[in-house]
Amino acid sequence: MIRIIGHRGGRNLWAENSLGGFRKTARLGVDAVELDLHLTQDGEIVVIHDPLLERTTNGRGAVSDHSLQALTGLRLKDTIDETIPTLAQVLDVFEPTGLALELEMKTDARGLPYPGLIEKTAALVERRGMTDRCRLTCFVPEVIEEMRSQAPRFRRLASLDRRSAEMLGGLERAIRRFMDLDCAIAVERTLLAPDIGRCHSQIGTDRLGVWVPNTPGDLDFWLRQPVGQITSDRPDLALAIRGQLSAGADSPR
């Protein structure tokens, strides 16, 4: 069965990367939840997608230019009183659930990897006994190389969109690069659709994922394709359609 992953905790349902959103996503019945990691000025791991604060909070500037204390004084947009959560707080939500997590290593406002982010993340997850449930992800092959050397017990996933594929010399070459790093690979839906057959032959069903189909039509299409996982901003729709397709397949003819 194709796995359903809540992208940023289901960002089209509630405030992305928010504790409230994560709690609600955990109750949907998803197979995993994807979230994004940055480091604060004082080296704490926080969960937010952008390297800048403006889009999702009432703050300004780079995440990495602020201390954790300063960030906890901000408010997440589309919430009443929530702020940027730490990774520890998010693990508190998911530890009792048994759900898998995809932890994306983001880069800073200058596009540079955060020194120590991989090691800090791995250490925190390992202390919780959640290593087998967490996969480390990134767009950048050099960061994934660091994952392999610095966090060898963790599974890895590479994300690909049109921009990153172009930077790596095209989709086929990018896939070869990541396959050499022993990764699963999630490809943005408009990049994957024209080459689904070739990508499947290179990667295989279990290691091939797609992101982010969100409409009923797109989700119905991708749930019929040879992929192992779908990452969606509407995991509720994805789960409902997967259930309908499964029921149809089980019905007598």
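The values are calculated or read from the model by the stated rules, or taken from the named source; none is laboratory data. The structure displayed is predicted, hence computed values, not measured ones. Ideal geometry is used to build each Cβ from the backbone, glycine not excepted, and the neighbour counts take in all protein chains shown. Please note that ligands, DNA and RNA were not included when accessible areas were found on the heavy atoms of the full protein model with its side chains. Shrake-Rupley method; radii C 1.70, N 1.55, O 1.52, S 1.80 Å.
Within the range 235-253, take every residue that is farther than 14 Å from Gly29 by Cβ and modelled with pLDDT of 95 or more and give me the one that is surrounded by the most Cβ atoms within 10 Å (Cβ to Cβ).
Leu245
Considering only residues that are out of contact with any Leu (no Cβ under 9 Å at 6 or more places or on another chain) and farther than 25 Å from Val210 by Cβ, look in the range 113-145 and name the one that is surrounded by the fewest Cβ atoms within 10 Å (Cβ to Cβ).
Once the filter is applied, the top-ranked residue is Gly129.
How many residues does the range 128-140 hold that are in contact with a strand residue (DSSP E or B) (Cβ under 6 Å, 6 or more places away or on another chain) and of a type in the set (D, E, K, R)?
2
Those residues that are under 19 Å from Asp81 (Cβ atoms) and outside any loop (DSSP other than H, G, I, E, B), I need them from the range 41-63; list them, please.
Selection gives Val46, Val47, Thr57.
Given the criterion open to solvent by 10 Å² or more (accessible area, probe 1.4 Å) and at pLDDT 95 or above, identify the matching residue among Leu37, Leu74.
Of Leu37, Leu74, the one residue that is open to solvent by 10 Å² or more (accessible area, probe 1.4 Å) and at pLDDT 95 or above is Leu74.
Out of (1) surrounded by 17 or more Cβ atoms within 10 Å (Cβ to Cβ); (2) under 17 Å from Gly10 (Cα atoms), the odd one out for Gly228 is which?
In the conditions (1) surrounded by 17 or more Cβ atoms within 10 Å (Cβ to Cβ); (2) under 17 Å from Gly10 (Cα atoms), Gly228 misses (2) alone.
Could we say that Leu223 is open to solvent by less than 40 Å² (accessible area, probe 1.4 Å), without any contact (Cβ under 8 Å) to a residue 40 or more places away in the chain and touching a helix residue (DSSP H, G or I) at 6+ places or on another chain (Cβ under 7 Å) here?
Answer is no for this residue.
Identify, from the list Val125, Val143, Val93, the residue that is outside any strand (DSSP E or B), closer than 18 Å to Asn17 by Cβ, touching a strand residue (DSSP E or B) at 6+ places or on another chain (Cβ under 7 Å) and β-branched (Val, Ile, Thr).
Of Val125, Val143, Val93, the one residue that is outside any strand (DSSP E or B), closer than 18 Å to Asn17 by Cβ, touching a strand residue (DSSP E or B) at 6+ places or on another chain (Cβ under 7 Å) and β-branched (Val, Ile, Thr) is Val125.
Would you confirm whether any residue within the range 106-117 is in a helix (DSSP H, G or I) and under 24 Å from Asp42 (Cα atoms)?
Taking every residue of the range 106-117 in turn, at least one turns out to be in a helix (DSSP H, G or I) and under 24 Å from Asp42 (Cα atoms).
Looking at Val30 and the list (1) in a loop (DSSP other than H, G, I, E, B); (2) in contact (Cβ under 8 Å) with a residue 60 or more places away in the chain; (3) open to solvent by 10 Å² or more (accessible area, probe 1.4 Å); (4) not aromatic (Phe, Trp, Tyr), which single condition is not satisfied?
For Val30, the exception is condition (3).
Please list, ordered by first then second residue, the pairs with beta carbon atoms under 6 Å, 6 or more apart or interchain, first in the range 96-108 and touching a residue at least 40 places away in the same chain (Cβ under 8 Å) and open to solvent by less than 20 Å² (accessible area, probe 1.4 Å), second assigned to a strand (DSSP E or B) and not aliphatic (A, V, I, L, M).
Between residues of the range 96-108 that are touching a residue at least 40 places away in the same chain (Cβ under 8 Å) and open to solvent by less than 20 Å² (accessible area, probe 1.4 Å) and residues that are assigned to a strand (DSSP E or B) and not aliphatic (A, V, I, L, M), the close pairs are Leu101/Cys134; Glu102/Glu34; Glu102/Arg135; Glu102/Thr137; Leu103/Cys134; Glu104/Asp36; Glu104/Thr137; Met105/Cys138.
How about the range 162-182: which of its residues are open to solvent by less than 60 Å² (accessible area, probe 1.4 Å) and touching a Leu at 6+ places or on another chain (Cβ under 6 Å)?
Ala165, Ala174
Condition check: open to solvent by less than 10 Å² (accessible area, probe 1.4 Å) and aliphatic (A, V, I, L, M). Does Ala158 satisfy that?
yes
Looking at the range 1-27, which of the residues that are assigned to a loop (DSSP other than H, G, I, E, B) and closer than 16 Å to Val210 by Cα is least open to solvent (accessible area, probe 1.4 Å)?
Gly10
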